[in-house]
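Q: What follows is a structure written as structure tokens; I'll ask about it next.
Coordinate-derived values only; no laboratory data. Everything numeric in this text was worked out from a predicted model, so none of it was measured. Note that we place each Cβ from the backbone using ideal geometry, even for glycine, and neighbour counts take in every protein chain shown.
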Amino acid sequence: MLLATTARVFPPEVPLESQLEALAAVGFDGVELNLESTYQLDLPLADLLAKQVRVMLKEAGLRLASVYSRAQWALPISHPDPEARQAGRQVLVDLIQAAEVLECDAILVIPGWVDNGLIAPDQRQVIPYREALNHAREVIESLLPRAEQAGVTLCLENVAGKLHFDPISYREFLESFSSPQVRSYYDPANALTYGFPEHWLPEIGHLLGRIHVKDARPALFPINAVVNLFEGEMDWPQLVKQLAATDYDGWLTAEVLPVRHDYPARFLGRLREDLDFLRSEIERERRARGSV
């Protein structure tokens, strides 16, 4: 397994080159980039900027684990308004194009939401479940030919938008596309918000495309719910056993946001060590099972 973190561990004002150098210095294998104006990597990604990013990654000795844009929250592909839905689709088209030119084989897809109260509590909107599901499926199906052409996997995350909050409907949604280009971006801590992360992997273990790694304390949701690895309420020993039972050998990408920036190297070093420990526990469990 390879170890990465989202670039959101850095304040937006830190230059990308400095971010990559810091991640390389503590031994990360890669990074998940946010392609949005806040991080000076807006969509659509200009060819010249893409070339510069590739050079910086190469010089740092890092790979791209995936690319993502939080514009998907504001422009969900589940939206009842066709124009808004089309704008959300265009974000994903731009992400596929960016992944292709950045030589990255996966994008993080927010497969719509039913309730946007998490990010817009003052402008809350609720979409009927069936309507949201159908709109999201339609948009994703329309993107498959382009994703296949680009060699990019659409990794659908179980985000806190109440559309996919149980593992069975999530698995059925993923399987409904009958395509290797559609996989799960599984975030166990997001599953903890609504239920039990250990109930998910037996259902979706064969569909894993990427994994987000963080811990959480749901009692603090939505403010400060995300905490450092092994400091929340996740049942890590059980998750280790379940991950070991899968054949997943891809990226473990930390999505832990720093609570302070006084000693960033120490924060990053601890984060990398925690990920490495998690990886070693999965490998130890697999050896005990005789599967490696």
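Q: Positive end of the dipole of segment 2-289, charges at C-beta (+1 Lys, Arg; -1 Asp, Glu), about the Cα centre: which of 88, 39, 229 has its Cα farthest in that direction?
A: Sorting the options by dipole projection puts first 229.
Q: With bins 5 Å wide starting at 0, give me the P(r) of the chain over every alpha carbon pair, in whole percents.
A: All Cα pairs, binned at 5 Å, distribute as 1, 5, 12, 17, 19, 18, 15, 9, 3, 1, 0 percent.
Q: Using the count of nearby Cβ atoms within 10 Å as a rough guide to exposure, how do 249, 235 rank from fewest to most?
A: Fewest-to-most Cβ neighbours within 10 Å comes out as 249, 235.
Q: How much length, in nm to one decimal, is gained on full extension between residue 130 and residue 144, taken as 0.36 nm per residue of separation minus their Cα-Cα distance?
A: Gain on extension, residue 130 to residue 144, equals 2.9 nm.
Q: Placing +1 on the Cβ of each Lys and Arg and -1 on the Cβ of each Asp and Glu in segment 2-289, which of 79, 139, 16 has its Cα farthest towards the positive end of the resulting dipole?
A: Of 79, 139, 16, it is 16.
Q: Between exposed GluC sites (Glu not before Pro) in the chain, where DSSP calls loop and at most 16 other Cβ atoms lie within 10 Å, what's the longest gap?
A: Details: sites that count: 13, 103, 231, 233.
Within the chain, the longest run free of exposed GluC sites (Glu not before Pro) spans 104-230.
Q: Would you work out the charge dipole size for segment 17-61 about its Cα centre, treating the Cβ of every Lys and Arg as +1 and the Cβ of every Asp and Glu as -1, and quote it to the nearest 20 debye?
A: The dipole of segment 17-61 has a size of about 140 debye.
Q: Please identify the longest segment of the chain free of exposed trypsin sites (Lys or Arg not before Pro), where exposed means a DSSP state other than H, G, I, E or B and no more than 13 other Cβ atoms within 10 Å.
A: The longest uninterrupted stretch comes out as 125-259.
Q: Next up: If you put +1 on each Lys and Arg Cβ and -1 on each Asp and Glu Cβ, how big is the dipole of segment 2-289 around its Cα centre, in Debye rounded to 20?
A: On the way: 28 positive and 42 negative charges, 47 e Å.
Here segment 2-289 has a charge dipole of around 220 debye.
Q: On a straight-distance basis, which aspartates and glutamates could pair with residue 58 in a cross-link, Cα separation under 13 angstrom, same-chain partners fewer than 8 positions away excluded?
A: The reachable aspartates and glutamates, counting only those whose Cα sits under 13 Å from residue 58, are 17, 21, 29, 103.
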